[in-house]
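Asks: Here it is: the structure, laid out below.
The values are calculated or read from the model by the stated rules, or taken from the named source; none is laboratory data. In this text, all values refer to a predicted model and were calculated from it rather than measured experimentally. Cβ: placed from backbone, ideal geometry, glycine included. Neighbour counts: every protein chain shown.
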Amino acid sequence: MRTKQFKSESKKLLDMMINSIYTHKEIFLREIISNASDALDKLYFLSLTDNSVGLKADDFEIRIELDKDNRIIKVIDNGCGMTEDELDKNLGTIAKSGSLDFKSENEKTENVDIIGQFGVGFYSAFMVSDEVTVETKAFGSEQAYRWNSTGASGYTIEPCDKESFGTAVTMHIKDDTDDEKYSEYLDQYKINSLVKKYSDYIRHPIRMEFTTKEPVEGKENEYKDVTEIRTLNSMIPLWKKGKTEIKDEEYNNFYKEKFYDYEDPAKVIHTSTEGQATYHALMFIPKHAPFDYYTKEYEKGLQLYSKGVLIMDKCADLLPDYFSFVKGLVDSEDLSLNISREMLQHDGQLKLIAKTIEKKIKSELEKMLKNEREAYEEFFKAFGIQLKFGVYNGYGMNKDVLKDLLLFTSSVDKKFVTLKEYTERMKEGQDTVYYACGETVEKIEMLPQCDAVKDKGFEILYLTENVDEFAIKMLMDYDGKKFVNVCDEDLNLDSEEEKKALESENEQSKDMFEEMKKALGESVNAVRFTGKLKNHPVCLTSEGGISLEMEKTLNSMPGANEKVKAQLVLEINAEHPVAEKLKTLYKDDKETLNKYAKLLYAEACLIGGRSVEDPVEHSRLICELMTK
Ligand code: ADP
């Protein structure tokens, strides 16, 4: 018998398998089972038109046999089998050009996980075996053949005896090493769990003899081995069943089991599409964010199946970042089992699927917002931040997709309001959307600047998350209505007359403000009177694009070496008795005026949620005042 050499391409792939340091060697079983399943499919389709096949739909099966003592796993199918020629062609040359190209390209970038993420086919058996034998008899042929290889040295093919058509793949499992316990693949429970994990939805039964110990009747502490044939896979994927056939409980259990959650999902999205992109998708929106959701460790993605076989556990390309909280899977007939991750990224079909999935998720969220407000608000509490980041990221590229999914706390009832609701109930004469920022709703409520806006009967959006104002700035306007921070310097609330009066007041006290500004140094850009405060004597506003809240957020970011500074204006209530006092001091006692400027600035900082720059001086000034 002549030993044949593998074709050079195949040899490369084989070498990779044999020397693989890849940790997910377990996927070899998925590959061998998928091949068997394909062979069953082929014969099954033939049987539909050819009576001589002699098998009914139920007769097609995959058998796994374990022989621990001889370190052997056998995977047997009664599928189409291979002729001598096919055996030589299929297992001697493997046209995995896709994954090979990918490998060579990525050899530069180290440690690419090519094996785990997509099929590498038959040769993966060599990750766990030191010898592989394939005995096969093609349907309709008399002679069976045996293919055998111990790896890179080549392979042999010889005639052999085999009763019925189909294929048996015999893998001799490698000896254990310090790092790898290959023996675990000889354990029935391990094999059972691998089938469940990777091949549960193969549509043919995968059967294996299971041995368990049972107590011997009437004899204490005596056990006997009981063996039975078990079907390891559930065969019918939930997502391929009709929606009406599935109970909520089934969805919920499936979700919890598969995606490791202790709570039922907030929403189940089950959809099938045919046409341009043919796929089934079963997706879930969790009720709560996973513990690592807002960390770098969190990996987004949907499971990707090709014809019921898992080919990728977390296909990131299927979900945009702003919907990264969605869990679930997509099963498509259009994708090849052996497609590489590199190729997937450029796969038009996958992009099409991703697009329709994104639309579906969005429309489900909109429906939820419309019909299940309470549930949506709970959802938003868990994942709203992600949506707001979505608005902000990519220079606002996706803001139109997301803007109607956002919720903000309203000053009217402290409940959530959408931007649409806000603009729809805007008062006559109101042409801007007001918002205010702070750590908590309570703190924002105390901002003196809010009073003037509320006094006019205008609603304010209370923004409490760091990302909020950045998202708002990215949106710029909603439905043509500009967003305005109540702490911006010019709110434009006053009438023309009021504005004029204030202007002349400011003009008259120009020198006094100059004096005060000098006392405050770099802290403020200007000091002036305002008409917008009701009871409070002072407030801080910002001119230019950066608000106090944004300053805080930007400066707290890692790597923010150069501190950003908001351009601040100390505004003094022109109607407050303090205003008169200041004017008198400017005439009589400049030294005290300077001290009061500092006190008022500190007061404004505290009310605005900032810390006092020099607390020691502040306390000294207060004590001085108290003991006067
Ligand atoms: P792929 O399945 O992606 O084509 P593989 O390396 O897994 O690549 O297998 C190569 C070929 O060998 C298959 O395409 C198939 O024609 C043949 N083959 C493998 N296993 C079987 C089997 N159990 N029965 C029949 N043919 C098989």
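Asks: Does residue 91 satisfy the condition of being of a type in the set (A, V, I, L, M), in contact with a Phe, Trp or Tyr (Cβ under 7 Å, 6 or more places away or on another chain) and either modelled with pLDDT of 80 or more or assigned to a helix (DSSP H, G or I) (or both)?
Replies: Answer is yes for this residue.
Asks: Still on this structure, I have one more. Quick check on the range 76-95: of everything there that is surrounded by fewer than 21 Cβ atoms within 10 Å (Cβ to Cβ) and touching a residue at least 40 places away in the same chain (Cβ under 8 Å), which residue is nearest to the chain's Cα centre (by Cα)?
Replies: Selected residue: 95.
Asks: Let me ask another. Those residues that are surrounded by fewer than 19 Cβ atoms within 10 Å (Cβ to Cβ) and more than 25 Å from residue 174 (Cβ to Cβ), I need them from the range 11-43; list them, please.
Replies: Of everything in the range 11-43, those that are surrounded by fewer than 19 Cβ atoms within 10 Å (Cβ to Cβ) and more than 25 Å from residue 174 (Cβ to Cβ) turn out to be 38, 41, 42.
Asks: Next up: Identify, please: which residue in the range 187-201 is part of a helix (DSSP H, G or I) and aromatic (Phe, Trp, Tyr) and is, among those, surrounded by the fewest Cβ atoms within 10 Å (Cβ to Cβ)?
Replies: Among residues in the range 187-201 that are part of a helix (DSSP H, G or I) and aromatic (Phe, Trp, Tyr), the one surrounded by the fewest Cβ atoms within 10 Å (Cβ to Cβ) is 189.
Asks: List, please: which pairs have Cβ atoms under 7 Å, are six or more places apart or on different chains, and start with a residue in the range 467-481 that is basic (Lys, Arg) and end with one that is assigned to a helix (DSSP H, G or I)?
Replies: Between residues of the range 467-481 that are basic (Lys, Arg) and residues that are assigned to a helix (DSSP H, G or I), the close pairs are 481/423.
Asks: Can you name every residue in the range 51-69 that is polar (S, T, N, Q) and within 25 Å of residue 227 (Cβ to Cβ)?
Replies: Selection gives nothing.
Asks: Select, from 214, 209, 257, the only residue that is among the charged types (D, E, K, R), over 29 Å from the mean Cα position of the chain (by Cα) and exposed (fewer than 11 other Cβ atoms within 10 Å of the Cβ).
Replies: Checking each option against the conditions leaves just 214.
Asks: Considering only the range 10-68, how many residues are in a helix (DSSP H, G or I), over 36 Å from the mean Cα position of the chain (by Cα), closer than 18 Å to residue 232 by Cα and within 15 Å of the ligand (Cβ to nearest atom)?
Replies: Total satisfying the criteria: 1.
Asks: Output the residues belonging to the range 590-610 that are in contact with a helix residue (DSSP H, G or I) (Cβ under 7 Å, 6 or more places away or on another chain) and either among the small types (Gly, Ala, Ser) or loosely packed, with under 12 Cβ neighbours inside 10 Å (or both).
Replies: Listed by number, the residues that qualify are 597, 602, 608, 609.
Asks: Cβ-Cβ under 7 Å, sequence separation 6+ or interchain: first residue in the range 569-582 and surrounded by fewer than 24 Cβ atoms within 10 Å (Cβ to Cβ), partner of a type in the set (D, E, K, R). Which pairs?
Replies: Note: pairs meeting the criteria are 569/489; 569/528; 569/543; 574/505.
Asks: Further question on the same structure: Among (1) basic (Lys, Arg); (2) out of contact with any strand residue (DSSP E or B) (no Cβ under 7 Å at 6 or more places or on another chain); (3) buried (at least 16 other Cβ atoms within 10 Å of the Cβ), which single condition is residue 296 missing?
Replies: Tallying (1) basic (Lys, Arg); (2) out of contact with any strand residue (DSSP E or B) (no Cβ under 7 Å at 6 or more places or on another chain); (3) buried (at least 16 other Cβ atoms within 10 Å of the Cβ), residue 296 fails exactly one: (3).
Asks: Moving on. Cβ contacts < 7 Å: first residue closer than 28 Å to residue 438 by Cβ, restricted to the range 485-513; second residue of a type in the set (Asp, Glu) and modelled with pLDDT of 80 or more, any location; separation 6+ or different chain. Result?
Replies: From the range 485-513, the pairs are 489/543.
Asks: Of the residues that make up the range 458-465, is at least one surrounded by 14 or more Cβ atoms within 10 Å (Cβ to Cβ) and closer than 26 Å to residue 578 by Cβ?
Replies: Looking for residues that are surrounded by 14 or more Cβ atoms within 10 Å (Cβ to Cβ) and closer than 26 Å to residue 578 by Cβ, one finds at least one in the range 458-465, hence yes.
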